[in-house]
1. Out of V209, V243, V200, I need the residue that is of a type in the set (V, I, T) and closer than 21 Å to Y59 by Cα. Which one?
2. When residues of segment 32-75 are filtered for being part of a loop (DSSP other than H, G, I, E, B), farther than 27 Å from F216 by Cα and either β-branched (V, I, T) or not assigned by the TED database to the domain that holds K182 (or both), how many remain?
3. Out of all the residues in segment 96-110, which are at pLDDT below 95 and not basic (K, R)?
4. Identify, from the list N134, N138, N151, the residue that is modelled with pLDDT under 95 and either among the polar types (S, T, N, Q) or closer than 29 Å to N204 by Cα (or both).
5. Where residues in segment 111-154 are within 16 Å of the chain's Cα centre (by Cα) and not hydrophobic (A, V, I, L, M, F, W, C), which of them is nearest to R36 (Cα to Cα)?
6. With the checklist (1) assigned by the TED database to the domain that holds M112; (2) small (G, A, S); (3) assigned to a strand (DSSP E or B) in hand, flag the one item S233 doesn't pass.
7. Does any residue in segment 197-216 that is more than 15 Å from F71 (Cβ to Cβ) and assigned by the TED database to the domain that holds M167 come within less than 7 Å, Cβ to Cβ, of a residue that is of a type in the set (S, T, N, Q) and surrounded by 10 or more Cβ atoms within 10 Å (Cβ to Cβ) six or more places away or on a different chain, and which pairs are these?
8. Which residues, counting only those in segment 87-121, are among the hydroxyl-bearing types (S, T, Y) and more than 24 Å from F149 (Cβ to Cβ)?
Amino acid sequence: MDIWEANSVSAAYTPHPCTVSGLSRCSGTSCGTNGRYDTVCDPDGCDFNSYRMGDTSFYGKGLTVDTSKKFTVVTQFLTNNNSSSGSLSEIRRLYVQDGKVIQNSKVNIPGMAAYDSITSDFCSAQKTTFGDTNSFGNNGGLANMSKAFSNGMVLVMSVWDDHAASMLWLDSTYPTDGDATKPGIKRGTCATTSGKPTDVESANANASVTYSNIKFGDIGSTYTSTADSFLRSGGIGFTGPTVCASGSTCTVLNPYYSQCL
């Protein structure tokens with residue numbers, strides 16, 4: 001489960017299901033020696049990359065999610081019965097920046113509905129529309145991802161460069177000989193000549209990222225948002241942010257209305 005693959009230009013989250021559950025050792029052609037898809041796991045995954053899915057102004061420096069500033073990444077795993085005993089049915093993404101919750105971008109691709117999360121329907125529609133091999137479905141999709149989750153997961157973080165494809169699958173035109181006018185080919189604004197490990201390691205040897213305040217828990221429990229001064233911050237039936245921005249206090253005006261003053 002690639003929960004966060006990103007740089008300042010593009011971002012994606014991508015489940016990769018497998019036909020095996022738990023620790024498994026491959027041998028021979030099951031390791032993919034004869035072909036990319038001759039493996040027990042899905043090499044492509046079902047990715048949600050806002051740029052690739054048609055919203056080119058959502059993620060990046062100065063954009064809706066401004067990557068020049070600190071932000072919080074929230075990933076929510078929903079089940080078919082809304083309990084921890086259910087089967088995984090949806091993976092949602094949202095962001096919090098400057099105290100405000102930013103809902104995920106919506107798909108803007110001809111022929112696709114305006115999905116904003118990873119579901120079985122989204123993955124099937126994406127593979128069909130983009131003409132991609134549906135290795136995700138062939139390897140069990142979200143059902144097998146759910147089985148893997150039931151075994152427990154370990155969070156691993158890294159900064160890496162890509163010796164196989166120069167990270168172009170994340171932030172450029174990929175495949176590089178693909179028609180960039182076709183949906184799904186452009187994944188970001190980087191040139192197809194960018195991302196070579198030798199260039200990255202020489203020109204950006206000090207590249208870094210800071211992860212902090214990592215949390216997990218029930219949906220909605222891991223983040224907070226703030227209401228700006230003079231905005232509503234509480235009351236009967238209110239579902240918005242109840243924490244006021246610095247310099248103001250949540251003041252109860254009546255049972256139905258509280259305001260940041």
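The values are calculated or read from the model by the stated rules, or taken from the named source; none is laboratory data. All values reported here derive from a predicted model rather than from experimental measurement. All Cβ positions, glycine included, derive from the backbone under ideal geometry; neighbour counts span all protein chains shown.
1. Working: V243 fails: closer than 21 Å to Y59 by Cα; V200 fails: closer than 21 Å to Y59 by Cα.
Answer to the check: V209.
2. 3
3. Initially, segment 96-110 is screened for residues at pLDDT below 95, giving 96-103.
Listed by number, the residues that qualify are V96, Q97, D98, G99, V101, I102, Q103.
4. Numbers: N134 fails: modelled with pLDDT under 95; N138 fails: modelled with pLDDT under 95.
Going through N134, N138, N151 in turn, the sole match is N151.
5. Q126
6. Here S233 clears every test but (1).
7. So the pair list comes out as F216/T222.
8. Going residue by residue through segment 87-121, those that are among the hydroxyl-bearing types (S, T, Y) are 87, 89, 95, 105, 115, 117, 119-120.
Of everything in segment 87-121, just one residue is among the hydroxyl-bearing types (S, T, Y) and more than 24 Å from F149 (Cβ to Cβ), namely S105.
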